[in-house]
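Heads up, the thing below is written out as structure tokens.
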Ligand code: DGL
């Protein structure tokens with residue numbers, strides 16, 4: 001089991017921002033990544049739909065022998081991880097908006113949260129948000145429309161920049177000093193966000209924390225790879241391979257990207 005792959009899934013290419021952090025910390029682990037781009041965005045779907053898509057992805061990863069699954073999607077984690085943990089035997093690592101560190105670090109007492117509607121309206125998000133932000137002003141913004149543009153590879157388009165400005169500029173009126181990125185697609189927008197908000201507003205995402213948690217859970221379950229050579233990483237997408245391959249352009253490790261029906 002130790003040398004079986006780590007499975008990772010997302011509604012599309014966003015979870016590659018998590019995969020990159022996992023690769024940095026765990027270079028000898030083999031990974032299989034599912035980009036369910038055909039069904040993106042998850043953030044506009046009902047909780048039942050998100051659970052059912054998460055089941056489909058989980059079962060495919062388990063059928064490919066994965067020893068642990070990273071739900072590299074805030075929307076799928078906040079809606080489906082409880083169900084997945086109850087119904088499958090593999091360990092699951094989820095990702096949630098990093099509200100706690102932002103709230104603890106905030107000096108102005110105001111933070112912004114950019115996430116999908118599916119995350120912002122989930123019970124898990126509400127619970128975590130209430131727990132850590134008692135004296136903090138939270139400006140929550142649904143990033144509707146951003147994921148489809150990122151999936152289409154339109155990272156530097158005027159359309160995306162205008163949408164991002166509309167969502168973020170009003171936060172400046174509330175004197176936020178931290179912006180939490182509550183969607184794994186959004187780290188790809190950090191340069192654009194910095195231009196809109198200014199570099200004095202700190203951007204927080206959860207990628208590194210997810211990689212650390214993955215390492216801890218592998219160690220706890222005695223599941224760390226025994227290999228000391230760099231592994232092959234397999235990416236599957238159910239749409240075009242073009243944008244996914246472009247996202248991985250600067251990655252120096254060996255990987256392959258394939259189209260698969262799922
Ligand atoms: N990457 C997903 C997340 O972290 C994107 C959600 C979507 O597909 O709307 O929430």
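The values are calculated or read from the model by the stated rules, or taken from the named source; none is laboratory data. Treat the numbers as computed from the prediction; the structure is a model and nothing was measured. Backbone-built Cβ (ideal geometry, glycine too); neighbour counts: all protein chains shown.
In this structure, does residue 29 turn out to be more than 16 Å from the ligand (Cβ to nearest atom) and either in a loop (DSSP other than H, G, I, E, B) or under 17 Å from residue 148 (Cα atoms) (or both)?
Details: more than 16 Å from the ligand (Cβ to nearest atom): yes; either in a loop (DSSP other than H, G, I, E, B) or under 17 Å from residue 148 (Cα atoms) (or both): yes.
Criteria met by residue 29.
Quick check on this structure: which one of 79, 135, 57 is within 16 Å of the ligand (Cβ to nearest atom), at pLDDT below 95 and at negative phi? Reasoning before the result, please.
Numbers: 135 fails: within 16 Å of the ligand (Cβ to nearest atom); 57 fails: at pLDDT below 95.
Going through 79, 135, 57 in turn, just one is within 16 Å of the ligand (Cβ to nearest atom), at pLDDT below 95 and at negative phi: 79.
Taking segment 194-213 as the search range and keeping residues that are assigned to a helix (DSSP H, G or I) and surrounded by 20 or more Cβ atoms within 10 Å (Cβ to Cβ), which one is farthest from the ligand (Cβ to nearest atom)? Please lay out each step first, then the result.
Let us first name the residues in segment 194-213 that are assigned to a helix (DSSP H, G or I), namely 194-197, 207-213.
Narrowing further to those that are surrounded by 20 or more Cβ atoms within 10 Å (Cβ to Cβ): 197, 207, 210-211.
Working: 197: 20, 207: 11, 210: 11, 211: 15 Å.
This residue is 197.
Would you confirm whether any residue within segment 160-181 is closer than 28 Å to residue 244 by Cα, at pLDDT below 95 and more than 10 Å from the ligand (Cβ to nearest atom)? Even if it seems obvious, please write down each step before you answer.
Going residue by residue through segment 160-181, those that are closer than 28 Å to residue 244 by Cα are 160-168, 179-181.
Filter again for at pLDDT below 95, leaving none.
So far as segment 160-181 goes, no, none of its residues is closer than 28 Å to residue 244 by Cα, at pLDDT below 95 and more than 10 Å from the ligand (Cβ to nearest atom).
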*Applying the selection to segment 228-245, what residues are more than 18 Å from the chain's Cα centre (by Cα) and in a helix (DSSP H, G or I)?*
242
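If the requirement is being free of Cβ contacts under 8 Å to residues at least 12 places away in the same chain and under 30 Å from residue 91 (Cβ atoms), which of these qualifies: 220, 199? Spell out how you get there, then give the answer.
On the way: 199 fails: under 30 Å from residue 91 (Cβ atoms).
None of the others qualify; the one that does is 220.
Could you run through segment 211-232 and say how many residues are within 13 Å of residue 24 (Cα to Cα) and in contact with a strand residue (DSSP E or B) (Cβ under 6 Å, 6 or more places away or on another chain)? Let's see the steps before the verdict.
Initial filter on segment 211-232 (within 13 Å of residue 24 (Cα to Cα)): 211-212, 214-215, 230-231.
Add one more test, that the residue is in contact with a strand residue (DSSP E or B) (Cβ under 6 Å, 6 or more places away or on another chain), and what stays is 214.
Result for segment 211-232: 1.
With the condition kept exactly as written, say whether any residue in segment 108-121 is assigned to a helix (DSSP H, G or I), out of contact with any helix residue (DSSP H, G or I) (no Cβ under 7 Å at 6 or more places or on another chain) and without any contact (Cβ under 8 Å) to a residue 12 or more places away in the chain.
Initially, segment 108-121 is screened for residues assigned to a helix (DSSP H, G or I), giving 117-120.
Among the residues that remain, those that are also out of contact with any helix residue (DSSP H, G or I) (no Cβ under 7 Å at 6 or more places or on another chain) are: 120.
Now drop any that are not without any contact (Cβ under 8 Å) to a residue 12 or more places away in the chain, which leaves none.
No, there is no match, as no residue in segment 108-121 is assigned to a helix (DSSP H, G or I), out of contact with any helix residue (DSSP H, G or I) (no Cβ under 7 Å at 6 or more places or on another chain) and without any contact (Cβ under 8 Å) to a residue 12 or more places away in the chain.
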*Does residue 128 satisfy the condition of being surrounded by fewer than 19 Cβ atoms within 10 Å (Cβ to Cβ), at pLDDT below 95, within 21 Å of residue 177 (Cα to Cα) and within 16 Å of the ligand (Cβ to nearest atom)?*
yes
*Select from segment 15-26 the residues that are within 11 Å of the ligand (Cβ to nearest atom) and at pLDDT 95 or above and write down the one among them that is surrounded by the fewest Cβ atoms within 10 Å (Cβ to Cβ).*
16
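Check segment 38-50 and report whether any residue there is more than 14 Å from the ligand (Cβ to nearest atom) and not in a loop (DSSP other than H, G, I, E, B).
Taking segment 38-50 first, the residues more than 14 Å from the ligand (Cβ to nearest atom) are 48.
From what is left, the residues that are not in a loop (DSSP other than H, G, I, E, B) are 48.
Yes, because at least one residue in segment 38-50 is more than 14 Å from the ligand (Cβ to nearest atom) and not in a loop (DSSP other than H, G, I, E, B).
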